[in-house]
Amino acid sequence: MATAEHTGTEGLSGGDGVRRRDFINIAAVSFAGVGAVAVVLPLVNQMNPSADVLALASSEVDLSAIQPGQAIKTTFRSQPLFVRHLTPKEIAEADAVDASTLRDPQTLEERTVDGKKQWLVTMGVCTHLGCVPLGAGEGEVRGEYGGYFCPCHGSSYDTAARIRKGPAPLNLEVPEYKFTSDTAILVG
Amino acid sequence: MSFPWAAHYTPKAPLMKWIDERLPLPRLVYNSIGAGYPVPRNLNYMWNFGVLSGLALVIQIVSGIIMAMHYAANDLVAFGTVEHVMRDVNSGWLIRYAHANGASFFFIVVYLHIFRGLFYGSYKAPREMVWLLGLVIYLLMMATAFMGYVLPWGQMSYWGAKVITGLFGAIPVVGEPIQTWLLGGFAPGNAALNRFFSLHYLLPFVIAGVIILHIWALHIPGSNNPTGVDVKGPQDTVPFHPYYTAKDGFGAGVFLILFSILLFFAPNFLGHPDNYIEANPLSTPAHIVPEWYFWPFYAILRAFTFDFFFVPAKLLGVLAMFAAILLLFFLPWLDNSPVRSGKFRPVFKQFFIVLCIDVLILGWCGGAPATAGYVMISQIAAAYYFAHFLIILPLIAMFEKPLPLPNSITEAVLAKHNLQGEEPAAVPAE
């Protein structure tokens, strides 16, 4: 509305053509913009995991009942978690492989806790499209590398749960966990 | 809007006159889908599918609102309430089957509508905005259908939600936070189910709103027609009502007969038996497939099994899948041929047929297990899909010699009936 009638504001332009009203306009719109962003933030953030979901974000697993050669299927963040007690033979098999030849090069040491090489803790989520591989349950197929086998698209994992064959790009994910005692771990 | 010879609304009943003076809603309806909208006289049955899509949306909204009265979006009971609809609610089975198969029929008519536009060049100037809004509707439909499929909380619902939200997880750095944000958890759960229900209820009304814009944009230049030639005068058009309301009415009858056949005799033909097993996060179905209308895109997603420079295969697949749809937004500027209708474009016509076959092959691969053979076929078919739009169409536009166009719609119609030289008035009403 820059018309000559507004002599009152023109007097405040300071000579550079910027009127008092321009300043008020920009200030008001900016303030409203900041306000709008402040309102949008909680509206977006409400979609993040709620407190009760996060409260289940860590879980404790008792290892005492798992015999060598056995594995259990439990849940962590409502996704399957595999805990496997490797036999010396399975450890030897995993160590016999030259890690640098693998698709996702990692050694069994790197995938387990120091001094607890027999405990292999991984997510039970195939890194291809998120299916649950077989091999943790009693009598399930373990695939040609003796670890886990995903029935969806045929990915085979070895005894260190590393991808050896099939479309999956990565090894089964090892979640963050620590030993709380010799026979118990806290995942997450 | 539209043509100067369009009929004007003159309310006869005093009540309509009274309403029209205060709120010209009857006038708006008359000018949009009544005698006030002049339409090319030569539309064939491929022009039925816009109205049929609208009919399908109405079926979905009505059956959906009813189902929401009996359904509970909670992961503990959702599966049970769907079975409650099927077994206990009076006529519940009919309403749920109508909703599930209605989604499929909605996609069938929308795909025919899209391919009609592709063949007859309905995306070209001056109708680019109609095409773009149509694609927005299509994207909204896909989001709505995906979220609706999650609601019964069966095995396919759960694993479908996991795989599709997992697509966002392929994006570097921000992917996993986005996935967690979408789901409200680390895997699909109650939070995801609730928000999907909320949005599944909302989006159809957003679609209805965009449809209004789609029709508004269409009515500025008026409808395209099988010759692709512009309307030249009043002799080229007939009023929408009663001519095309009748023609669309006939199409609607055929549509409803086919719909009823599937609904009453093979209601689970297009569904997947695994979705009658309640969601189980610890056990994956052996063969995860989306609903059939996503198969071509699912095939493109799975076609990428190799890394390219620093981009991992999984991300490539996701980018290609989204690109396959977003590409269509650029179509009006990729195909520069001034001739609209494929009828007069001999080279385009052949490649159009190849594209249709290519999309069918992609669909077939998308529904099949991801074995090496199918993956190789989908790689070739996906490559052709992109080549068609990015290379072949621009080249055809440059080198093709189109057939001679008729001077007008009327001339084309009369030539077809061997009535050249006679006055349009002499054409029998068929």
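The values are calculated or read from the model by the stated rules, or taken from the named source; none is laboratory data. The structure presented is a predicted model; accordingly, all values stated were derived computationally and were not measured. Cβ coordinates were reconstructed from backbone atoms using ideal geometry, including for glycine residues, and neighbour counts include every protein chain displayed. Note: accessible area is taken over every heavy atom of the protein model, side chains too, but ligands, DNA and RNA are not part of it. Shrake-Rupley method; radii C 1.70, N 1.55, O 1.52, S 1.80 Å.
Restricting attention to segment A:33-73, the residues being over 19 Å from B:Asn190 (Cα atoms), open to solvent by less than 60 Å² (accessible area, probe 1.4 Å) and facing chain B (nearest Cβ under 9 Å) number 0.
B:Leu43 - would you say it is of a type in the set (A, V, I, L, M), open to solvent by less than 50 Å² (accessible area, probe 1.4 Å) and assigned to a loop (DSSP other than H, G, I, E, B)?
Working: of a type in the set (A, V, I, L, M): yes; open to solvent by less than 50 Å² (accessible area, probe 1.4 Å): yes; assigned to a loop (DSSP other than H, G, I, E, B): yes.
It is true that B:Leu43 is of a type in the set (A, V, I, L, M), open to solvent by less than 50 Å² (accessible area, probe 1.4 Å) and assigned to a loop (DSSP other than H, G, I, E, B).
Checked against the criterion of being open to solvent by less than 60 Å² (accessible area, probe 1.4 Å), in contact (Cβ under 8 Å) with a residue 60 or more places away in the chain and within 14 Å of another protein chain (Cβ to nearest Cβ), segment B:264-279 has at least one qualifying residue. In this entry, B:Asp236 passes the filter for residues that are open to solvent by less than 20 Å² (accessible area, probe 1.4 Å), more than 30 Å from B:Leu315 (Cα to Cα) and over 23 Å from the mean Cα position of the chain (by Cα).
Quick one: would you say A:Val83 is surrounded by 17 or more Cβ atoms within 10 Å (Cβ to Cβ) and either away from every other protein chain (no Cβ under 13 Å) or among the aromatic types (Phe, Trp, Tyr) (or both)?
Working: surrounded by 17 or more Cβ atoms within 10 Å (Cβ to Cβ): yes; either away from every other protein chain (no Cβ under 13 Å) or among the aromatic types (Phe, Trp, Tyr) (or both): yes.
Answer is yes for this residue.
Of the residues making up segment A:90-144, those that are in contact with a helix residue (DSSP H, G or I) (Cβ under 8 Å, 6 or more places away or on another chain), part of a loop (DSSP other than H, G, I, E, B) and either away from chain B (no Cβ under 14 Å) or open to solvent by 60 Å² or more (accessible area, probe 1.4 Å) (or both) number 6.
Of the residues that make up segment B:95-113, is at least one within 14 Å of another protein chain (Cβ to nearest Cβ), open to solvent by 30 Å² or more (accessible area, probe 1.4 Å), touching a helix residue (DSSP H, G or I) at 6+ places or on another chain (Cβ under 8 Å) and not acidic (Asp, Glu)? Before you say what the answer is, go through the steps one by one.
Our first condition is that a residue be within 14 Å of another protein chain (Cβ to nearest Cβ); within segment B:95-113, this holds for none.
Checked against the condition, which is being within 14 Å of another protein chain (Cβ to nearest Cβ), open to solvent by 30 Å² or more (accessible area, probe 1.4 Å), touching a helix residue (DSSP H, G or I) at 6+ places or on another chain (Cβ under 8 Å) and not acidic (Asp, Glu), segment B:95-113 yields no hits at all.
Say we look at segment B:165-187 and pick out the residues that are open to solvent by 60 Å² or more (accessible area, probe 1.4 Å) and not hydrophobic (A, V, I, L, M, F, W, C); which of these is nearest to A:Gln79 (Cα to Cα)? Only one residue fits best here, namely B:Glu176.
Here segment A:145-166 is the region considered, the condition is being without any contact (Cβ under 8 Å) to a residue 24 or more places away in the chain, within 14 Å of chain B (Cβ to nearest Cβ) and assigned to a loop (DSSP other than H, G, I, E, B), and the residue that is nearest to B:Phe306 (Cα to Cα) is A:Gly154.
Taking B:Pro188 as the residue in question, decide whether it is touching a residue at least 12 places away in the same chain (Cβ under 8 Å), more than 13 Å from chain A (Cβ to nearest Cβ) and not aliphatic (A, V, I, L, M). First the steps, then the outcome.
Numbers: touching a residue at least 12 places away in the same chain (Cβ under 8 Å): yes; more than 13 Å from chain A (Cβ to nearest Cβ): no; not aliphatic (A, V, I, L, M): yes.
When the stated conditions are applied, B:Pro188 does not pass them.
Total residues in segment B:83-94 satisfying the condition of being in contact with a Gly (Cβ under 8 Å, 6 or more places away or on another chain) and either open to solvent by less than 20 Å² (accessible area, probe 1.4 Å) or not assigned by TED's automatic domain parsing to the domain that holds B:Glu278 (or both): the figure is 1.
The set of residues in segment B:306-353 that are among the β-branched types (Val, Ile, Thr) and farther than 17 Å from B:Gly134 by Cα comprises B:Val311, B:Val318, B:Val339, B:Val347, B:Ile353. Note on segment B:305-319: residues that are in a loop (DSSP other than H, G, I, E, B) and in contact with a Gly (Cβ under 9 Å, 6 or more places away or on another chain) total 1.
Does segment B:309-335 hold any residues that are in contact with a helix residue (DSSP H, G or I) (Cβ under 6 Å, 6 or more places away or on another chain), more than 12 Å from chain A (Cβ to nearest Cβ) and within 25 Å of A:Gly166 (Cα to Cα), and which are they? Answer for segment B:309-335, where residues must be in contact with a helix residue (DSSP H, G or I) (Cβ under 6 Å, 6 or more places away or on another chain), more than 12 Å from chain A (Cβ to nearest Cβ) and within 25 Å of A:Gly166 (Cα to Cα): B:Ala320, B:Met321.
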